[in-house]
1. For the stretch 94-125, name all the residues that are surrounded by fewer than 15 Cβ atoms within 10 Å (Cβ to Cβ), within 22 Å of residue 34 (Cα to Cα) and within 45 Å of the chain's Cα centre (by Cα).
2. Which condition number in (1) at pLDDT 95 or above; (2) farther than 30 Å from residue 144 by Cβ; (3) under 37 Å from the mean Cα position of the chain (by Cα) is the one that residue 14 fails?
3. If a residue has to be assigned to a loop (DSSP other than H, G, I, E, B) and touching a helix residue (DSSP H, G or I) at 6+ places or on another chain (Cβ under 9 Å) to count, how many in the stretch 52-75 make the cut?
C-alpha cells in the first residue's frame, strides 16, 4: 500500500512546489486606443481594494505635445476626466501622476519626463503609478456612480486639446493581485510555521518565567555564604597572664600548707611539754 501511494505523494509535492514557484497570478494587461492612434496600456485594471502599484505604458503619442498621466474620475467620452486622485502632481513626488513632455517650459525641465523617441514625431513612455482608491481631498473611486480611469490628457500648455485623451476604467474590488510582499497567503510560513503556534519556546521556555525564591530560602542562602568566625587562638600575653595566676594560687596554697604545718608542730610541742610536767 505504501509503495502504491508513493507516486501520488510525490506528484502532490511536485504540484505544490510548482504553485509556490509560479507565485500569484498576474493580472492581464488592459489597453485602449486614442483618436490619434496612440495606445495606452496598464498592467492591470482590477485592483486591490486598498490600491496598488501599476505599470502604465504609452506608444504613438505626439511627441510635440506634453501630457499628464493620472487616475481621474471619468466624465464620459470627449469630456475632461476630473478631479484626479491626489490632484495633478507637478513635482512627481507622490507617484500618483506623471508629467510627460519632451519640450516643457523652462520651469518644468526638471519636473517633466521626456518621451522615448519612436521616430516619425511619435513618442512613448513607461512609468509606474501608485494608485489609491481615494484621497484626502474627497475624491473616492469606490463611491456609488463613480468610475475612475487611468487617463492621459494634454498638459496645462494645451489644456483644451482633447486629442491626447485616452482612458482605461479601473475597479477596486480585489480582482487584481497585489505585490507578493503584500500578500500573506502565498507565504507557507504565514499559516503552517510551527514556530508561530506550537513552538515550545513561546509558552514553556524556562527563561520566560523568573524563579521566585521565598524569603526564608533567601535568608538561608545568604547565611550559607557567611563563613563562621573562628575562635581566636590564645596569644602569648594571655598565656603568661594565665600562668601568673596559676603561680600565685600555688604560692598561696603552699603558704597555707606551711602555716598549717607550723601550727601543728607548735601544738604538738605544747602537748609533750605538759606531759613532762
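1. Selection gives 117 alone.
2. The single condition residue 14 does not satisfy is (1).
3. Let us first name the residues in the stretch 52-75 that are assigned to a loop (DSSP other than H, G, I, E, B), namely 63-66, 74-75.
This time we only want the ones that are touching a helix residue (DSSP H, G or I) at 6+ places or on another chain (Cβ under 9 Å), so: 65-66.
Residues meeting the conditions: 2.
The values are calculated or read from the model by the stated rules, or taken from the named source; none is laboratory data. Predicted, not measured: the structure shown is a model, and the values here were computed from it. Neighbour counts run over all protein chains shown; Cβ positions are idealised from the backbone, glycine included.
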